[in-house]
Each structure stands twice: as C-alpha cells, then as structure tokens.
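First comes the structure, then the notes that go with it.
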Ligand SMILES: Cc1ncc(C[n+]2csc(CCOP(=O)(O)OP(=O)(O)O)c2C)c(N)n1
Ligand SMILES: [Mg+2]
C-alpha cells in the first residue's frame with residue numbers, strides 16, 4: 001500500500017541523512033522524498049511517499065518519531081490529505097506532433113515554458129496520478145527529459161500544522 | 001567568566017556528576033587532556049585500546065546505572081570506538097562518547113586523522129552531535145546526557161573539533177533540557193493497565209518473559225512483587241538475568257536458543273505471555289510462527305518501536321517498565337479476591353511446569369577426569385560473594401554462565417547480548433570494578449575472546465583494579481566449533497586455537513598473577529587462590545574441549561524442538 005507521510009524536522013545538520021539512513025538501514029521503501037524550509041526558519045518539512053503493509057507503516061512512523069530531530073510525524077490517508085506534484089517534461093515535438101503536444105497540454109491545464117523547433121518543455125502540476133496520466137500520453141511522442149518533484153501533501157480542512 | 005571549550009566540556013562533566021572517564025589522548029583532544037589537571041574529582045582511566053575504553057564505560061554504566069563516559073581522539077581513535085558504541089547501542093546502554101575532530105575549517109578536506117565519525121556512528125548511536133560553535137557546547141553536553149539516560153537508554157556521541165576546544169565562551173550549564181522532538185513516555189496508559197490486569201487475572205497459564213529493559217528500567221523489585229503476588233512463573237532473556245532471583249521456585253531461568261527445557265515448554269504452552277522490557281530477539285523466539293502459539297501477548301516497553309516489530313501483540317503498553325508494573329500492581333492489589341482465585345486457577349499450570357522441571361532439569365555429565373565448564377561456573381557461584389559482578393565474553397562460556405551461575409540480583413551480569421561482541425568481557429569488568437572498587441568483579445572469558453582485548457591487563461594492574469579473570473580454555477572458538485560439529489560435519493575450519501599459551505606467564509608479564517587448573521580436583525583451589533590474591537588475577541581452566549552448550553534450539557526451529565543431550 002502507498003502512504004504519504006509528512007514530517008516536521010529540526011533544521012539541524014544531518015537530519016536528511018538520519019531519515020534516509022533509517023529507511024535504507026531498515027529496508028523501508030522511499031518512492032519519493034521532498035524537503036524544504038517551512039514558515040518557521042528552525043524547521044523543515046519533508047513529504048515522504050512510501051510503500052508497505054499496515055505493520056511496516058506502523059514501524060516507519062514509530063521509528064521516525066524516535067529520531068530526536070523529528071518534531072512531528074503525520075501519516076496521511078487519501079481522504080485526509082491533498083497531494084500535489086510538479087513535473088517538468090521535455091518532449092520531442094516536430095511537424096504534426098507539435099499540435100498533438102499542445103492539445104495534451106491544454107487538456108491537462110499544463111503550460112509550455114520553453115520551446116525550440118524540435119521540442120517543447122512542459123510544466124504540469126497535479127496529483128501524482130495526473131502526472132502519470134500526462135506522461136502516458138506524451139511518452140509515445142518521445143520524452144527527452146523528465147523531472148518530478150515528488151509529492152507534497154497538506155491536510156484537508158481548517159486545522160493546520162504550524163511550521 | 002569566559003572559558004575555553006575544552007574546559008567547558010570538563011565543567012559540564014563535573015556538573016553531570018561524572019566521577020570516572022575512560023579515554024585515550026591524541027592530537028585533537030590534547031587540549032581536553034591538558035585541562036584535566038584542573039579536575040581532580042574526575043578519575044581518568046587510560047585503557048590500552050579505545051574499543052576497550054568504550055566497553056569499560058559500558059561496563060561501568062551497566063553495573064552502576066549511571067551514564068558511562070569515554071573520550072577518544074579523531075580518526076583512528078574515533079573508529080576504534082565504533083564496536084564499543086554498537087555494542088552499547090544494541091543493549092541500550094547509556095553512554096556519552098566524546099571524540100576529537102579536526103578544526104572546523106578543515107572538515108571535509110581529508111585532513112590528517114579526519115574521519116566522518118558522525119556519519120559512521122549515525123546508525124549505532126541513539127543520537128550524535130557535531131559541535132560547530134563553542135557557544136552551543138554546554139547545551140549539547142546537557143542534551144547528550146539527557147538523551148543517553150532517559151527513555152530507552154543508549155549511546156550518544158559528541159564530535160568536538162579542535163578549534164571549538166580552543167575558542168572561548170561564557171559558561172553556564174543549562175538547568176533544563178528542551179527537546180521538542182524527544183518526549184519519552186513515562187507512565188502506561190491507565191486504560192491499557194486496566195485491560196492488562198483483567199487479562200492477567202483471567203489467565204490460567206501465564207508466563208512473564210523478562211528482558212534487559214527490566215534491569216535498565218530499575219524494575220526488578222516491582223517485577224518480583226508482581227510475580228510473587230500472582231504466583232506467576234518468570235523466564236528471562238540473557239539480558240534479563242538478574243532481574244528475577246533464579247533461586248525462586250517461580251524462576252524458569254533462561255529461555256530461547258540455549259534456554260531451559262521448562263522455560264521453552266512453558267512459553268510454547270502458555271495462554272498469556274507478559275513481555276516486560278524484552279524485544280523478541282530471534283535468539284529468544286526461534287521460529288516466530290511457532291512462538292507462544294496459544295498465548296495472548298501483553299508487551300510492556302518504553303520504546304514503541306520494539307512493540308509489534310516481529311510478533312503480534314494483543315495489548316501494547318508503552319511506558320517506563322517500573323512505572324507500568326507499579327501501576328499494574330496497584331490495580332491488581334485492589335482486587336484481592338480475584339488474586340486469590342487466580343492463585344488457585346494457576347496451580348495446575350505450576351504443577352505442569354514442575355513436571356517439566358523434574359523431567360528435564362538443566363544438567364550435564366559430570367566428570368572426575370576432565371574439567372567440565374558447567375562445574376566451574378557452579379563453583380564460581382558458590383565461592384564468590386553474593387553481590388559479585390560477572391562480566392562475560394561471547395561464546396560457549398557465556399551461555400554456560402547464563403545457564404549455571406544462578407543470578408539473583410540486577411546489574412550483576414554484564415554481557416554483550418545484542419551485538420555479541422567478543423572482547424567485551426575483560427574491559428567491561430574493568431569498568432564495573434572502577435565503579436565499585438570494593439566489590440568482587442569476575443570476567444569469564446573464552447580463550448578466543450580474551451585474546452581480543454588482553455592488553456587491558458595492563459590497565460587493571462596500573463589502576464589497581466583487582467578483576468578476577470577466568471579463562472575457560474577449550475583451545476577452540478568453541479561456539480563456532482559447536483555449530484560446525486552439529487551442522488557442518490565436524491569440519492573445524494579455522495576454529496582450532498592450538499597454540500599453547502602460557503597464561504600464567506602472560507599475567508606475570510603484566511605484573512599480575514596467574515593460576516591454572518588442569519584437573520577437576522584443582523578447580524576449587526584455583527578459584528580460592530585467585531579470589532584471595534589481592535590484585536588482578538588470571539585463572540585458567542583447561543576445560544573439556546568438545547563440551548557443547550545444551551539444550552539447543554537450532555537456528556530457525558521452534559522452541560519445543562530442542563536438542564537436549566548429545
Ligand atoms: C568480534 C567477534 N568476532 C567473531 C564472533 C563470532 N563468534 C561467536 S562465538 C565465537 C567463538 C568464541 O570463542 P572463545 O572466545 O574461545 O569462547 P568459547 O565459545 O570457546 O567459550 C566466535 C568466533 C563474534 N561473536 N565476535
Ligand atoms: Mg574457546
């Protein structure tokens with residue numbers, strides 16, 4: 001099962017490697033991990049997408065909580081969170097394919113952010129499944145390069161985790 | 001007043017009440033060593049290897065319950081500490097290890113004796129700190145001690161660059177620690193305690209399974225009261241030995257791979273297993289699927305990650321073991337009549353266990369021709385003081401000690417359980433002796449493991465630490481040889497140590513004394529002489545070379561598939 005976990009951490013030297021080391025040392029999967037400072041300059045927030053059954057997920061959250069530099073661990077489920085990811089996609093676009101790329105870009109409310117006679121670079125934002133979907137359509141046209149940010153997630157509703 | 005970092009460090013140690021440190025000097029800690037002259041209350045013991053220094057700090061901590069402190073220089077000094085740190089980490093022993101580091105400006109430059117000890121020890125410390133600014137130093141030391149000793153204890157490393165030791169700052173030792181990411185749970189949840197009491201009182205075949213957390217959490221008294229109130233039988237892991245008196249009729253002794261027949265049968269047949277400060281190690285459970293198959297499991301532990309890690313748990317209780325057990329006792333004692341009927345209900349179970357005890361007691365074949373190691377261990381118990389501290393190395397002698405010594409008090413057995421570190425026994429005994437100069441401290445070593453840290457005899461002699469070293473000499477890496485005998489067709493690849501070493505001369509070379517027992521008739525006299533001699537002593541016992549540790553549950557088998565006799 002896929003899980004999205006948000007982690008508030010102290011902005012200390014070495015935190016990222018503590019988290020990465022925990023996952024690799026215990027054989028937990030990381031599908032994606034994104035990290036950046038929060039509104040509080042002493043804290044950063046990580047979003048980790050992982051996979052595993054109930055028992056593994058419980059171990060992951062417990063072990064994260066055990067790290068001294070981790071302040072808060074939030075385990076999101078699909079219902080409780082909104083997830084977004086951004087991708088930058090460089091796609092081959094010559095002749096007739098140019099119009100096809102633009103059509104796809106339009107359907108996904110994506111944007112062309114760079115263009116050459118042979119290519120378009122597309123920016124797209126959305127749930128990870130939406131990124132997967134646009135990639136499925138663009139792939140046959142020829143992907144030259146792909147960068148995904150990995151998911152970030154935030155809880156639904158009025159309640160907020162300060163940081 | 002402004003002080004240099006090196007001085008601040010030692011002031012902090014003083015504030016923490018540190019009376020003994022085990023350390024080894026070098027270029028990046030030379031400033032600390034110079035400042036040491038101003039701290040006559042801190043006893044510095046110089047081991048002959050940094051690994052031994054950390055094991056000694058660990059032995060000091062296990063025996064005393066205080067935080068052990070070790071110091072090493074950067075680079076090779078720091079890497080030498082790693083085995084000691086990992087040993088302490090696996091057994092949850094509170095340590096603060098201070099390493100020197102190259103000046104901050106040189107970090108990352110492959111400077112002379114630079115090593116990324118923070119990176120190296122990240123997976124084997126509870127936490128570690130690189131001090132980048134002298135102004136942070138006092139706060140970091142305070143946090144380090146707090147983290148090391150609270151919650152599930154463990155080693156914490158402080159990496160202190162040379163320029164930070166020289167730089168000056170105003171010294172003020174913080175009174176409180178505030179770590180927003182670290183708040184260990186102390187008390188058990190009252191609802192869980194209520195449920196646990198109900199489950200316990202409803203059980204007909206209970207077993208209490210006790211691990212090292214009970215000793216680390218100073219809960220031996222509460223455990224004993226609980227077991228004796230309920231008449232519930234108790235089995236312990238290697239790390240739990242001493243938490244419950246083995247001379248009690250309720251004691252089942254050790255469980256697991258080399259546990260007693262009756263402990264393993266009791267666990268396999270119980271209907272309720274109460275795990276207290278234990279972590280269901282594979283050496284304890286055998287095949288997980290067949291472990292306590294009929295039992296509901298209550299698991300009390302201060303570390304939530306220990307719970308449901310490898311076995312299903314019906315009722316988890318997170319909290320300090322002594323707090324949880326006294327909460328539980330209170331609830332149970334309020335229900336006096338239920339306790340009465342419980343005691344009646346468990347009578348058939350205790351009788352069943354007594355049947356197992358009678359059928360397969362822990363025994364060995366005695367001999368008048370060769371020295372049986374089990375007989376030596378029994379003699380050591382008989383002739384040592386009741387509060388003697390025993391440190392073991394790793395191997396067969398460790399298991400014979402666990403099986404036959406009969407531990408009755410917490411913190412009297414020091415043994416590397418989790419990591420199984422050969423070379424641990426002698427330096428750990430040294431640390432315990434430093435903590436308790438007046439008590440009897442005995443190191444029980446194999447001939448192999450003894451040779452991994454034998455240089456520490458020098459430290460013993462120099463510091464007047466009268467550790468009694470018993471070498472159970474089988475001229476084999478015995479435990480590996482046993483596996484080769486049983487599982488590899490007696491192909492003793494590289495486990496024969498057939499160089500005849502004169503351990504008496506070895507002792508004498510260091511200024512200690514040595515005695516040898518080569519026949520059963522010499523065992524008692526050797527022990528008496530060894531115990532009576534004033535300083536550190538080596539007692540060598542030339543034991544039956546191919547004696548095996550039995551019973552044995554082969555790795556991966558279930559606990560009731562024990563090999564009982566050879
Ligand atoms: C540092 C280290 N290396 C290797 C081992 C593997 N090992 C476990 S027991 C053992 C044999 C120990 O021999 P000895 O010290 O003579 O004790 P005995 O088993 O003979 O009592 C070995 C090699 C270990 N536990 N630790
Ligand atoms: Mg041996």
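Just so you know, all these numbers are worked out from the coordinates, no wet-lab data involved. Quantities reported herein were computed from a predicted structural model and do not represent experimental measurements. Cβ atoms come from the backbone with ideal geometry, glycine included; neighbour counts cover every protein chain shown.
Exposure proxy shown here: for B:37, B:261, B:424, the number of other Cβ atoms within 10 Å sets the order, fewest to most, as B:37, B:261, B:424. Think of it as helices only: each DSSP H run of n ≥ 4 in chain A is worth -39500 (n - 2.57), and spread over all residues that comes to -9000 deg cm²/dmol at 222 nm.
Between the Cα long axis of helix A:54-66 and the first principal axis of chain A there is an angle of about 70°, rounded to the nearest 10.
Relative contact order, whole percent, for the range A:94-154 stands at 26, derived from Cα pairs under 8 Å and 6 or more residues apart. Taken residue by residue and averaged, Cβ atoms of other chains lying within 10 Å of the Cβ of B:301-314 number 3.
Just want the ordering: B:349, B:400, B:356, B:483, from fewest to most Cβ atoms lying within 10 Å of their own Cβ.
B:483, B:356, B:349, B:400
Rounded to the nearest 10 degrees, the inclination of helix A:96-107 to the longest alpha-carbon principal axis of chain A is 40 degrees. One Cα centroid belongs to the range B:225-268, the other to the range B:120-165; the line between them spans 37 Å. Our helix-only sum for chain B, with -39,500 (n - 2.57) per DSSP H run of n ≥ 4 divided by its residues, gives a mean residue ellipticity at 222 nm of -11000 deg cm²/dmol.
Helix A:15-25 axis versus longest C-alpha principal axis of chain A: approximately 90°, rounded to the nearest ten.
Each Cα pair under 8 Å and six or more residues apart adds its sequence gap; the mean of these over the residue count of chain B is a relative contact order of 14 percent.
Exposure proxy shown here: for B:140, B:147, B:307, the number of other Cβ atoms within 10 Å sets the order, fewest to most, as B:140, B:307, B:147.
Rounded, prolate or oblate: which fits the range B:319-369, taking a ≥ b ≥ c as square roots of the Cα gyration tensor eigenvalues, rounded meaning a/c under 1.5, else prolate when a/b beats b/c? Write out the running numbers ahead of the final one.
Values: a/c = 5.62, a/b = 1.89, b/c = 2.97.
It is oblate, given that a/c is not under 1.5 and a/b is not larger than b/c.
How many angstrom lie between the C-alpha centres of the range B:368-434 and the range B:489-504? If we compute the Cα centre of each part, the gap is 22 Å.
Counts of other chain beta carbons within 10 angstrom of each beta carbon in peptide B:115-125 average 2. Note on A:58-71: average number of Cβ atoms from other chains within 10 Å of each residue's Cβ is 5. In this label model, residue B:294 and residue B:168 are separated by 7.5 nm, measuring between points 7 Å along each Cα→Cβ vector.
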